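Down below is the structure, laid out as structure tokens.
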Amino acid sequence: MPMNKLYLLLLLVFFSSYKSITTSNSFAKGTLFGIDFYGKSAIAIDSIIINKSKDENFKAFYHKYHFETAWNNKEHRNFIITEIGLAENEGLQPKDYNFVKLKSLEEQFEKLPDSSIVNYDLLLTHSAQLYINHISKGKLNPKDLYRNWDLDQKKIDINKILFDCIDNNNFIAAMEECKPNHQIYKKLKLCLQILKKYPEQPLFGLIDIKERIVPNKNNKYLPIIKKRLMYWGDMVEKDTVLSQLYTKKTQDAVKLFQARHGLKPDAIIGRSTIEALNFSRDKRIEQTIANMERWRWFAHDFSTNYLLINIPDYSIVAVKNGDTLLSQRVVVGRDTRKTPVLKSKIYNINLNPNWTVPPTILKEDIYPEAEKDKGVFKKKGLVILDDENNEVNPSIWKKEEAYKYKYVQNPSRNNSLGSMKINFPNKYSVYLHDTNHRNLFSFSKRSLSSGCVRLEKPLEMAAYILNDSVKWSLQRIKDTTDINYYIKLQRKKQLQINKRNAKLLAKNPSLVFEKKELAKPVLKTIAIKVKENILIHQLYWTAWETNGVLNFREDIYCLDTDLYAKLRH
């Protein structure tokens, strides 16, 4: 066979073999025997340029690739550039990752000299690393922003993710794994998409009322209110827009709007409803983006068994193996004593807890009242104890010596902690508990506590957490925390004693019994260890989507606007 034909045959076999390799792995690095079929071959980079960087991840990346360009595959480059271009879907900005410049360089790639390709490679690596860092754990660090946030700092191996992408053609899966996988985050992304489809909101004018608008009355702001309800889709059928009468049709629309915003759906248009109506589409978009950033701070894995508290929604849910098994209303901390955002693990439950008044409440509440009237201790059921646990008479209490004492409420249904307390380690000394102010759960706004979370149905929550129908059924828990139960037991015991004595007297009338009174029943604190591994997540989010319906909550701690501003600077 002539030499040129033999050479041609070998070349055909070579390309045929190569085609089968690339078909099975279309994103694999396109070099074989030093030939690059997707672009230019790797170009050496001066190691001095790399080692000058203060970014250890950046240096380690190029060490791994022997100080050569790593983005030699066109499809790899295009994937990262496209992903960065879609950063807005994650509430981020493509410009933060040099999108326009990268896109321009890619379009000119075939004409670029080696020096420009090296610079392009360095810029793409920097941009990809920054983007992965931001979508994995957030653009900002909550510990730099807030004193009452205690979340584990996320640790990610950026280069491991990139090496997996480049070397194993795992771009799609690796990038998705970087993002929060909780359903709420996914609903926030959907919420953002829905909001962006709304037309730019026309200027209806702000609504400024000093008195509530009640059904079947006239009000000059009703035409504006109707337009806003129609814009948001709460009013489907058109009412007479120019009419100032608050009709049944508008009332129904207002109720839908109120329910979506966590307000009491009573059709009475007050301050809270007006504040929600005054939000524009763009402000809701900003709010959603701020919430997405927070969800990047939160744990990616919530575990299989956990309690999840949404502070602005005043709610708690118990989730196990993906199912919501229990939900309740809660009362959270007021703005001056915010409920902290944290992750922890429940370790025990106290039935009939006593309450040692914390320093903040002593300083800001108890001491100022006691200076005016020492009767406040008795009024609040507080016992003053010295360092040897001896009771101190309130009449000798002095503000100057107040720090020497401990102030305790003994177990009682009227104790500030009520009948139950759930403990978990945290540096803020907060916990979940019952309350002696049970009327608060009827309010739509429930940021009223001193930082702890109060439960609407605490004993039901205790039974759920303990999960022991033999030793700690719900009825057993109720009996254990009810002083009347012990009074009944005492009466029953006294009746038994009386019956026994009566029988003895019948046999021997001359018997004399020493009169003994049974001890007065008291509630005793019982600590029960929680055997199951149950995490608790106290979190903060004010927007989400449910079956295509947008839901928003009042930003009770005023975090959204400030966070969005920081994200955009």
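The values are calculated or read from the model by the stated rules, or taken from the named source; none is laboratory data. These numbers were taken from a predicted model, which means no experiment stands behind them. Using ideal geometry, Cβ is built from the backbone for each residue, glycine included, and neighbour counts are taken over all protein chains shown. The area values use the complete protein model at the heavy-atom level, side chains included, leaving out ligands, DNA and RNA. Shrake-Rupley method; radii C 1.70, N 1.55, O 1.52, S 1.80 Å.
Things worth noting here:
- Share of Cα-Cα pairs in the range 290-357 lying beyond 17 Å, as whole percent: 59
- Volume per residue for the range 410-569 equals 201 cubic angstrom (convex hull of Cα atoms).
- Over 22 Å apart at the Cα level, from the set Lys283/Lys566; Lys404/Lys520; Lys189/Lys427, are Lys404/Lys520; Lys189/Lys427.
- Computed from Cα atoms, the angle from the helix 222-232 axis to the main principal axis of the chain rounds to 60 degrees.
- The long axis of helix 3-24 is offset from the longest Cα principal axis of the chain by roughly 10 degrees.
- Over every Cα atom in the range 198-249, the radius of gyration and the widest Cα-Cα span, Dmax, amount to 11.2, 31 Å.
- Peptides 335-342, 287-294 ordered by packing proxy, namely the average of other Cβ atoms within 10 Å per residue, highest first: 287-294, 335-342.
- Counting Lys and Arg as +1 and Asp and Glu as -1 over every other residue whose Cβ lies under 14 Å from the Cβ of Lys379, the net charge comes to +1.
- Calculated [222 nm] ellipticity per residue, helices only, for the chain: -12000 deg cm²/dmol; basis is -39500 (n - 2.57) per DSSP H run with n ≥ 4, divided by all residues, nearest 500.
- Which of Ile349, Ile172 is most accessible, then next, and so on - probe 1.4 Å: Ile172, Ile349
- Share of carbon and sulfur in the accessible heavy-atom surface of the chain [1.4 Å probe, %]: 53
- Partner lysines whose Cα lies under 28 Å from the Cα of Lys217, excluding those fewer than 8 positions away in the same chain, are identified as Lys226, Lys227, Lys238, Lys248, Lys249, Lys255, Lys264, Lys445.
- Average accessible area per residue (Å²) across the chain - probe 1.4 Å, nucleic acids and ligands excluded: 55
- Positive-end ranking of Phe79, Phe99, Asn89 along the dipole of the range 70-110, with charges on Cβ about the Cα centre, is headed by Phe99.
- The charge dipole of the range 259-382, taken about its Cα centre with unit charges on the Cβ of Lys, Arg, Asp and Glu (plus for the first two, minus for the last two), comes to roughly 180 debye.
- Anisotropy class of the range 52-144 from Cα gyration tensor, a/c 1.5 cut: oblate
- Here the relative contact order of the chain, from alpha carbon pairs under 8 Å that lie six or more residues apart, stands at 15 percent.
- Coil-residue trypsin sites (Lys or Arg not before Pro) of the range 512-543, DSSP, other Cβ within 10 Å capped at 16: Lys515, Lys516, Lys524, Lys531
- Taking the Kirkwood radius as Rh and the Cα radius of gyration as Rg, the range 207-323 has a ratio of Rg/Rh equal to 1.10.
- Values of log10 I(q)/I(0), in the order q = 0.11, 0.17, 0.21, 0.23 Å⁻¹, for the range 457-552 under a Debye, Cα-only, solvent-free model: -0.63, -0.92, -1.08, -1.17
- Electrostatic bookkeeping for Gln93 treats Lys and Arg as +1 and Asp and Glu as -1; over the other residues with beta carbon under 11 Å from its beta carbon, the sum is 0.
- Entry for volume of the Cα convex hull per residue in Å³ (calculated from the structure that is shown) out of [x] 268; [y] 282; [z] 215: [y]
- Solvent-accessible area of Arg446, all protein chains in place: 20 Å² (probe radius 1.4 Å, heavy atoms, ligands and nucleic acids excluded).
- Across Met230, Met235, the residue with the most accessible area heads the list, and the full order at a 1.4 Å probe is Met230, Met235.
- Helix axis angle, 183-197 relative to the chain longest principal axis, alpha carbon, degrees: 60
- Ranked by solvent-accessible area (1.4 Å probe, protein heavy atoms only, all chains present), the residues Cys191, Cys558 order from largest to smallest as Cys558, Cys191.
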